[in-house]
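Here it is, the structure in full.
The values are calculated or read from the model by the stated rules, or taken from the named source; none is laboratory data. Bear in mind that the values here come from a model prediction, so they are computed numbers and not experimental data. When we count neighbours, we look across all protein chains shown, and the Cβ atoms used for this are built from the backbone with ideal geometry, even at glycine. What goes into the accessible areas is simple: the full protein's heavy atoms, side chains included, and nothing from ligands, DNA or RNA. Shrake-Rupley method; radii C 1.70, N 1.55, O 1.52, S 1.80 Å.
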Amino acid sequence: MAWLVASATACAVFLSVVSGIFVPLRDAAGVEYLFAWPGAVPVVVSWAAAFLVLGGLRQLAMRLCAGRTPDRMADARSAAWLAPLTGLAAIVAGVLPAVPGVGQYGAPAAYVFYDLRWWWCIGLAGWSLLRADALLGAPLASGLEAFARSESVSSRIGVELLLAVTVSAWAIATTPNLRFIGVLHGDEPKYVRYCEVWYQGGGADISQKTPFSEQPLDAPPRVLHAIAGAAHATIQEAQLFAGDLRQFASDPRGFRWIRATGDNGFVHGKHGGVYQIHEPGTSAVLMPGYFVDRYLIGLNPGYNDEFPDQLPMTSFMMLLSYVCCALALFRLLVRALDDRPLAWVWAAIGAMTMPTTAFAFQLYPELPAAAVVVAVTAYALFPGRQGSTTAAIAGAAAAALTWLHPRFLAVAVCLLVAALLQTRSNQRRWFATAFAVVLLGLAVYDYRITGSPLPTSLWDVATPDGALHASAMPLNLVAYGLDREWGLAPQAPWLLALLPGLALLVRRTPGHALALLAIGLALAIPASGHTIHAAGGTPGRLVLAVVPLAIWPVALLAREFWRVVPFRIGVVAAVVLSLDAGLAYNVSHKKHVGPMRDISISGWKPNLAFPVIRDTQWDTSWSNFWLFLAIAAVIVIATLVVWFLTRRAPGAPLRPAGDVRWWTPLAGAALLVLAMTGATAANGLWSDEHYTIATADAHQRAAVGLVAQDRCALCFTSRRPAVDWRELEPNGATGLRLDADHSRRAVTVHVALDAPPDVAGFGRIRIEFGDGTATGWEGIVSAAQFQHRYSQTGTYTIAAWLQLRDGSLRVERTMVTLAADQGA
């Protein structure tokens, strides 16, 4: 019974804090955190409701345990399985920044205990459910595991279908500003532009494209004409290439292959016409959806009168690429971990965290490339006894990476080498042949435009100074990992375990570790030579295609050390932080803003615990540099610890698994807060206005919470131990305006406060209806309306009394007449 009372009390505390007002108020002096509790009534109601619900669950558990062993019946009666719910009371630590004198220094605690409240609320509730399930003999856990581990075709399809539904639902639900829109930004129009040219029957020459508004709505698509034109051009260029080879052989030094010119991302081809430097592979992925949008959905011109204003099916093709990436990752992990439930969980984590989750509705080559990289890696490293058709498809897919972007060329070569080393002779032949054919197609395409068959020729023409800078590579490579704004780990902390995971993978299967490292560096190095911010786009965009592969060593590491309780808590914390970052980014992201944004209360994100690497602060701040060294040292030490601990036989437990006590997650959270606080202190940036709710919204919430009570018993800020609505600044209320309308005997009174247009006005108001009845004193912010029903007809004077912050009163009156023929 004690656990029931404790759990109900913790739930009441949680609900009371959540229903209170906790906001950051910004002014010239900085951030002032305010907390206003909701009053005693919500606390009592919350406790009673929690006690009744949990008491009902306790009775249900006792009923289900009837007839079982006495120990289980005793456990059900004691409600000890509800113990994890007592952790909900820790939300009190979340309002630490509002404690006078603490302020911004408590921002990491507010982030962990308040901003993340729903994550650990779900976690504690799920933990209680698992304990209850164990009490009943684990029917739920056993059923789920049996379904996940079943080898039947229906179960396998069901597991993959569940993953597809989960990640697609996550992508759609968390991207209110991006999902299925027709707004294009950055390089997106360049990929859609090819689709429009093909729809009109052209090839890659965008100068042939007719504006959208100049075409009849019933104009038929000419895609087949575009395909025929591509075949004709291929034959023509083959003949021209033979002539160029003869001229080159006769004068190797004097012959010039590249005969095109270019600038600003466009190329003037050797036969004339205008071409883009971006390869058309991404456009081919988008084309089925664009065809539907163009033919059936888009009726009005959109971007620059080039495309339809609505592109839902074009966006759907990228969502489909996102789902394919998740499924490919799942199949890779099934082979790598030999554990289908574990593979499902980590595949979902890989898809639902940054940077992967941010691209489900961005029209870039990264997601199609990621799906191909993961799928071909799975084939190359775990070839099995698959046939020649599978080998040919894998080889063609690997080479198709170069059709997406030339920066994937080195990755494609790594995949080719891995396949040649790992597969059987027949598979190698088919893989290499398909790879060569697809790569030859790209050579023909580039030769058609520039005169050179090199896969980088388009970029060489348009960027004569070079798109890569070797001097920038070393520091940018580090920045891709740890930079506060553009790095991967600050957006997805699970990546901090990558190097320790690779150390374990080297112990277990060195060849696989070498392959992953080669594939990763094959993209990371050229990306580092270009830029870390991708023209201000989503962090990690240029290396996204290889990031999902990092899940493999991290998942392996988590399974290896899962029996160590502190490590288990650390893994869960890293995953939760990563999922929350993905959620925050998706919810707030708009295409024209690349870095992390959020609308949290604390104003703190894990990014603030990381160093700035690509900025002037890297050159001027020693504390920032020491923070970098500290994080790097922790990663190196963790890697060495894993290396030495895993000299034992695979699968041998480090120590017997123990039950996780209900308080251990709270202790872990406290240690996490201490680490975050120390890391944040290095640079002294405790909160960022880009991570908080808007100042106007925060002020509005504070006003609503404070004016609800004339004198608040438990309202305080980081600057003042007690506060009420009279002290909240600014308050623009100077008077009020009153109006009333009625229908029969029902009257609606409208009250609006007089205040400057850019300043909220608030106060306390009382309405007298003229029939001897009146409201109590209530809070009002900007405007409010009140309902009243009169018992009889007549003329009534309605008075509205407004109490201002200085204690003075303002009153306005109006009259309503309820005629006899309007009676009820």
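Name the long-range amide H neighbours of Gly182: under 5 Å, sequence gap of 5 or more, or other chain; modelled H, no Pro or chain starts.
Those lying under 5 Å, H to H, from Gly182 are Leu311.
Rounded if a/c is under 1.5, else prolate if a/b is larger than b/c, else oblate: which is segment 70-159, with a ≥ b ≥ c the root eigenvalues of its Cα gyration tensor?
Judged from the Cα gyration tensor, segment 70-159 comes out oblate (a/c at least 1.5, b/c at or above a/b).
Decide, for segment 232-367, between rounded, prolate and oblate: order the square roots of the alpha carbon gyration tensor eigenvalues as a ≥ b ≥ c, take rounded if a/c falls under 1.5, and otherwise choose prolate if a/b is larger than b/c, else oblate.
oblate
With no solvent and one point per C-alpha, what does the Debye sum give as log10 I(q)/I(0) for the chain at q = 0.04, 0.06, 0.08 Å⁻¹?
-0.24, -0.52, -0.86
What FRET efficiency do you get for Ser150 and Arg335 if R0 is 25 Å and r is their Cβ-Cβ distance, rounded to the nearest 0.05?
Once rounded, the FRET efficiency stands at 0.90.
Please list 3J(HN,Hα) in residue order for segment 542-552, calculated via the Karplus relation 6.51 cos²θ - 1.76 cosθ + 1.60 where θ = phi - 60°; whole Hz, with x for glycine and proline.
5, 10, 3, 4, 10, 4, x, 5, 5, 4, 4
Measuring from the lowest to the highest alpha carbon on each principal axis, how far does segment 532-618 reach, largest first, in angstroms?
Projected onto the principal axes, the Cα atoms of segment 532-618 cover 44, 33, 29 Å.
On a 1.4 Å probe surface of the protein chains, which of Val571, Val641 comes out largest in accessible area, and what is the full order?
My answer, sorted largest first, is Val641, Val571.
Apply the a/c threshold of 1.5 to the C-alpha gyration tensor of segment 249-294 and tell me whether it is rounded, prolate or oblate.
Prolate, since a/c reaches 1.5 and a/b exceeds b/c.
Separate question: Could you state the principal axis extents of the C-alpha atoms in segment 328-399, from the largest down, to the nearest angstrom?
Principal-axis extents of segment 328-399 (Cα, largest first): 35, 30, 13 Å.
With θ taken as phi - 60° and the coefficients 6.51, -1.76 and 1.60, list the Karplus ³J(HN,Hα) couplings across segment 92-101 in order, rounded to whole Hz; mark glycine and proline as x.
4, 5, x, 8, 4, x, 7, 5, x, x
Please report the net charge: other residues with Cβ closer than 13 Å to the Cβ of Pro553, K and R +1, D and E -1.
+2
Now a separate question. With all protein chains present and a 1.4 Å probe, how do His530, His788 order by accessible area, largest first?
Putting His530, His788 in descending order of accessible area: His530, His788.
Among the lysines in the chain, how many pairs, 8 or more places apart or on different chains, have alpha carbons under 20 Å apart?
Step by step, the pairs that qualify in the chain add up to 5.
Between Ala134 and Leu671, what is the spin-label point distance in nm, taking each point 7 Å from the Cα along the Cα→C-beta axis?
Computed distance between label sites Ala134 and Leu671 equals 2.0 nm.
Could you compute the net charge surrounding Leu454? Neighbours are other residues with a C-beta less than 15 Å from the C-beta of Leu454; K and R count +1, D and E count -1.
Here the charged neighbours net out to 0.
Per residue, how big is the convex hull of segment 299-426 when only Cα atoms are used? Give it in Å³.
In segment 299-426, the Cα hull volume divided by residue count equals 126 Å³.
Further question: Can you give me the C-alpha center-to-center distance between segment 748-765 and segment 540-612, rounded to a whole angstrom?
That distance is 43 Å.
Another one. To the nearest 10 square angstrom, how much accessible area does Thr775 have with a 1.4 angstrom probe?
Accessible surface of Thr775 is approximately 20 Å².
Under 4.7 Å Cβ to Cβ, no partner at all: give me those cysteines from the chain, in residue order.
Cys11, Cys65, Cys121, Cys195, Cys324, Cys325, Cys414
Given the DSSP H assignment, sum -39500 (n - 2.57) over each helix run of at least 4 residues in the chain and divide by its residue total; what's the result at 222 nm in deg cm²/dmol, nearest 500?
Rounded to the nearest 500, the figure is -17000 deg cm²/dmol.
Which net charge results when you count Lys and Arg as +1 and Asp and Glu as -1 among the other residues whose beta-carbon is under 15 Å from that of Lys590?
Charge balance near Lys590 sits at +1.
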